[in-house]
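Notes follow once the structure below has been shown.
The values are calculated or read from the model by the stated rules, or taken from the named source; none is laboratory data. Because the structure is a prediction, the values reported are computed rather than measured. Cβ atoms come from the backbone with ideal geometry, glycine included; neighbour counts cover every protein chain shown. Heads up: the accessible areas ignore ligands, DNA and RNA and are worked out on the full protein's heavy atoms, side chains in. Shrake-Rupley method; radii C 1.70, N 1.55, O 1.52, S 1.80 Å.
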Amino acid sequence: MNATGQNLLEVDHLTISYRVEDQWIPAVRDFRLQLQPRQIVGLVGESGSGKSTVALALMHYLSSNGRVESGGRLQFKDEDLLRKSNAEMRQLWAKRIKFVPQNASAALNPSIKIGRQVMEALKAADDIDGHEAYKRMMQMFHDVNLVDPERVAERYPHELSGGMQQRVTIAMALISNPELLIMDEPTTGLDVTTEAVILDLVRGLIAERDTGVVYITHNLGVVAQLCERVLVLYAGEIMEEASVLDLFQQPRHPYTLGLVSSVPRPGQSKRAAQLQSIAGNPPSLTRIPGGCVFAERCPLVIDLCRERKPPLESLEDGRLVRCHRWEELSQPLPPTPTSHLYGEHPRHQMPTIEMVGGGANGETLMQVSDLTKHFPVERNLREILGRIEPSPIRAVDGVDLQLRAGQTLGLVGESGSGKTTLARLIIGLEERSGGSLQLLGLDVRNSVRERSQDVLSKLQMVFQNPQNSLNPYLSVRQAIRRPLIKLRGLSAEAADAEALALLARVNLRAEYAERYPDELSGGEKQRVAIARAFASDPDLIICDEPVSALDVSVQSAVLNLLAALQDDHGSAYLFISHNLSVVGYLADTIAVMYLGQLFEVGEARELFQPPYHPYTEALVSAIPVPDPLHATERILLSDDLPSAQNLPSGCRFHTRCPRKIGEICETDEPPWRQGGAGHLIRCHIPLEELTAAQSDLIPLDEVV
C-alpha cells in the first residue's frame, strides 16, 4: 500500500453480463482485485476467459449491451466508478486512467500525424499551451526511447514500425502521469527484441511514478519477468491469485499448472517429449456447469467437483484458490512440473538430424541458391528531374538454404528481416528477382501460376491468421475437399472420406466437417488449416507464425500436432516465428535472418548456448523465460532498424551491434566462420573470442 494505506484500485464481487438477443449472459462472475501504486498485477487465461471484458469494466467502458450487475464494487481511490456518468468518466480517462491496447496501429488515427495526436491527448488532460505541450511530448518520446523524436512527431502511423507505434501509444498513455494504467496484450505481435525494450520501458517508467498497472496477457514468460502478483481467469471466474513467485513455483490449481506446463522452455525439443496441453475447450457461457467450471478438463476431477461449485478460498500465504482439492497440489513439485498431473508424453527416439546444408541423412528436398527479391521504388519528383534511379528495397538478398526430407528448418529474425518475403518466394506468391529454387532436384518456376500441379501438391502453406486464409463461405468439409480433388485427383466420395480422416488426425470430431469458420475457435481454425495443408500429401509445408496468436495451451497442442504429423507423413517444415522457444522446440536446425541475409545457421540446440552471432545473442537474451527466478542480462538493441533500401556498408548489423570491433565491421563484408558440425556464423569476430566474451552468459537450455 501507499503511505496513506489506501489501495489504488479495489474490485469486489464484480459480475459482468452481456445481452445476447433476449438473454443476459454472465461473462465474468465474482471478480475481485486489489492494486497498489507502483504495482504490476498480471491477468492471464485462455481466450474467452473474460480478460478483455475485465479490462473494459475497470475502465467503466463496457459496450452498450454490457452491464455490471448490482452488488459489485469498483473503487478507484476515493471514486466509485460504477456511479460515474460518461461525462465524469471522460475526465478520468483524460488524465488519471489510461488504456494501452494490443493493436497500436488500430488505436492511432491513420490520417493525423503522430505529434498532433499526442499533443491533443496532453491538452485534453492539462490546460497548457502548444509550446509546453510540444516540450513535454519531446521529453516523453525521449523517455520511451523513440529515436529522432522530432521526425517521429512529423510522421503518420503507417510510417512507423510496430515497436515504434506501441511506444507512441505508451507515451500517449503516460504523458499525463496517470494513476492507473491498463495494458491489454501490448506486446503480443512484437519481436522478442522489441518486446524486451517495451517491458523494460514499462518497468522503469512505473518505478518513477505512483502508477499501478493491470497487465493482461497470455504470455506467461512476460508475466514471470514483469508482474508482482498474478490472477488466473478461466471461463469468467478467478481460479487462483498469488504472488508471481508462488504461482510459478507452486501452482495450487490444476488449471494454473496446466498453463505453466504448456509453455515451451528454451532448450526443450520434440525429440524428448511432447509439450503438455490441456485437453478440451472452455464451457459455453450459455451453459455454465453447476459445479466447477474447469471440471470437464481437470485431471483431478471427482464427483464433488461436478456437484458443487468450489468457493474462492483465502489461504495462509495470501493467495486465493478455487478448487476442492488444492491441498493435494501443496506438495513440492519437481523443478519442471511437466510430468505432474498432466502426465509425461515421451516420443520415440528420433535419429540425429544433420545440419541444413550438410550431412547425408535423407535426400535433399529443397535447394535455395542465391535467392533474391528486390522491390523497385517509384521515383519522386526530385529523382525524376535529376534522372536519378532510386535504390531498390533489398528484402531478400542472396540467401542459400538446403533442407532435407522430414526435417524442420526454423527461420527467426525481427520484423523487416525478410522472413515472410523468403517464404512467399518459395511458395510462389512473390516472383524472385534472382537465384534458383529446386524441389527434389527439379527447378521450380517463379510464380505459383506457372507451376505444375505436381509442384503445387508438394508445396503447401499454413498462415499466421487462419481467419483470413479460410473461405468464410465454405464449410470445413468443403475447404479440405478442394485440394483432395484438385491436387490429388480423388473422387468426391473418396475426398469426403479422406476429409473426415484428416479431421480426426488433427483431433477434430466428424461433426466439425459441417461447421463454418465463424463457428470455430482460433485453435480449431488453425487445426482445419493444417488439415487442409496436409490434404495434398505435401513434401514441404511452410508455416508462417502459425501459433503466435494462440493461447499457450492451444499453442502446445498445435505444436504437438505438427510434430506428430511430421512423424506420420515425413513432410518437411519451414517454420517461421519470432518466438525462439517455439522454434527451438519444433526445429531441427535454425537460420537467423537480418536485413535480407542469413547471419547464423546451426542445429537448434546450439542456438541456446555460446558462441552466438551478436544478433542471435540479442534475440536469445530477450526471450521472456517463464521463471521469476531466472535473470538474464538483456542485450537491448535500438529500434532504429536500417532501411532495406539504404543498407549499411560492411556488416549490415554493425549500426546496432553491441560487440562491434572497429572499422572493419563498417567497411568489409563479414566472412562465414565454421563452428563445427555445420554451425555457421557470419561475423568478423573469431568464434573463440565470441565464446570467451559470451562465457558469462547462462545457456538458456539449462533453464529446463
All positions within the stretch 508-535 that are in contact with a strand residue (DSSP E or B) (Cβ under 7 Å, 6 or more places away or on another chain) and either more than 22 Å from Arg404 (Cα to Cα) or surrounded by fewer than 21 Cβ atoms within 10 Å (Cβ to Cβ) (or both): Ala529
Condition first: assigned to a loop (DSSP other than H, G, I, E, B), open to solvent by less than 40 Å² (accessible area, probe 1.4 Å) and not aromatic (Phe, Trp, Tyr). Can you find one or more residues in the stretch 52-67 that meet it? yes
Enumeration of residues in the stretch 631-653 that are open to solvent by less than 40 Å² (accessible area, probe 1.4 Å) and over 19 Å from Gly398 (Cα atoms): Ile635, Leu637, Asp639
Given the structure, is Gln609 in contact (Cβ under 8 Å) with a residue 24 or more places away in the chain, surrounded by fewer than 23 Cβ atoms within 10 Å (Cβ to Cβ) and touching a Phe, Trp or Tyr at 6+ places or on another chain (Cβ under 9 Å)? no
Top-ranked residue of the stretch 408-420 - restricted to ones that are hydroxyl-bearing (Ser, Thr, Tyr) and surrounded by 23 or more Cβ atoms within 10 Å (Cβ to Cβ), ranked as farthest from Asn646 (Cα to Cα): Thr408
Of all residues being buried (at least 19 other Cβ atoms within 10 Å of the Cβ) and touching a His at 6+ places or on another chain (Cβ under 7 Å) in the stretch 654-681, which is farthest from Val601 (Cα to Cα)? Just the residue, please. Cys665
Do we have any residue at all in the stretch 161-168 that's over 19 Å from the mean Cα position of the chain (by Cα), buried (at least 21 other Cβ atoms within 10 Å of the Cβ) and modelled with pLDDT under 85? no
Counting just the residues of the stretch 487-502 that are farther than 30 Å from Ser548 by Cα and not acidic (Asp, Glu), which one comes out least open to solvent (accessible area, probe 1.4 Å)? Ala495
Contact list, first residue from the stretch 310-326 and assigned to a loop (DSSP other than H, G, I, E, B), second anywhere and β-branched (Val, Ile, Thr) and exposed (fewer than 13 other Cβ atoms within 10 Å of the Cβ), beta-carbon distance below 9 Å, six or more apart or interchain, is His324/Ile302; Arg325/Ile302
Within the stretch 418-433, residues being of a type in the set (Ser, Thr, Tyr) and over 20 Å from the mean Cα position of the chain (by Cα) number 1
Here are some residues: Arg505, Arg432, Arg482. Which one is surrounded by 15 or more Cβ atoms within 10 Å (Cβ to Cβ), modelled with pLDDT of 90 or more and over 30 Å from Pro376 (Cβ atoms)? Arg482
Filter the stretch 361-407 down to residues that are basic (Lys, Arg) and open to solvent by 40 Å² or more (accessible area, probe 1.4 Å), then give me how many there are. 4
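Table: residues versus (1) outside any strand (DSSP E or B); (2) open to solvent by less than 60 Å² (accessible area, probe 1.4 Å); (3) within 23 Å of Ser176 (Cβ to Cβ).
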residue	(1), (2), (3)
Glu10	no, yes, yes
His13	no, no, no
Ser17	no, yes, no
Val28	no, yes, no
Arg38	yes, no, yes
Gly42	no, yes, no
Glu46	yes, yes, no
Lys98	no, yes, yes
Ile112	yes, yes, yes
Working only within the stretch 249-266, note down all residues that are open to solvent by 20 Å² or more (accessible area, probe 1.4 Å) and within 16 Å of Pro624 (Cα to Cα). Arg265
Answer from Gln6, Gln23 - the residue that is open to solvent by 60 Å² or more (accessible area, probe 1.4 Å), touching a Lys or Arg at 6+ places or on another chain (Cβ under 7 Å) and not basic (Lys, Arg): Gln6
Would you call Leu574 modelled with pLDDT of 90 or more, of a type outside the set (Val, Ile, Thr), in contact with a Ser or Thr (Cβ under 9 Å, 6 or more places away or on another chain) and not in a loop (DSSP other than H, G, I, E, B)? yes
Note on the stretch 260-276: residues under 18 Å from Ser47 (Cβ atoms) and in contact with a Gly (Cβ under 8 Å, 6 or more places away or on another chain) are Val263
State all residues of the stretch 68-87 that are in contact (Cβ under 8 Å) with a residue 60 or more places away in the chain and open to solvent by less than 50 Å² (accessible area, probe 1.4 Å); if no residue qualifies, say none. Gly72, Leu74, Gln75, Phe76
Residue hits (the stretch 609-627; over 19 Å from the mean Cα position of the chain (by Cα) and not acidic (Asp, Glu)) are Gln609, Pro610, Pro611, Tyr612, His613, Pro614, Tyr615
If a residue has to be over 19 Å from Leu160 (Cβ atoms) and open to solvent by 20 Å² or more (accessible area, probe 1.4 Å) to count, how many in the stretch 185-215 make the cut? 7
Tell me, which helices (runs of 4 or more DSSP H) lie completely within the stretch 114-176 with 1 or more residues that are closer than 22 Å to Gly212 by Cα and touching a helix residue (DSSP H, G or I) at 6+ places or on another chain (Cβ under 9 Å)? 114-125, 130-143, 162-174
Tally the residues that are modelled with pLDDT of 90 or more and over 26 Å from Gln6 (Cα atoms), restricting the search to the stretch 32-48. 1
Every residue from the stretch 283-296 that is under 17 Å from Leu257 (Cβ atoms) and surrounded by fewer than 20 Cβ atoms within 10 Å (Cβ to Cβ): Glu296
Count of residues meeting criterion [part of a loop (DSSP other than H, G, I, E, B) and closer than 19 Å to Val293 by Cβ] in the stretch 238-280: 7
Checking Gln555 against (1) in contact with an Asp or Glu (Cβ under 9 Å, 6 or more places away or on another chain); (2) at pLDDT below 90: exactly one of these is not met. Which one? (1)
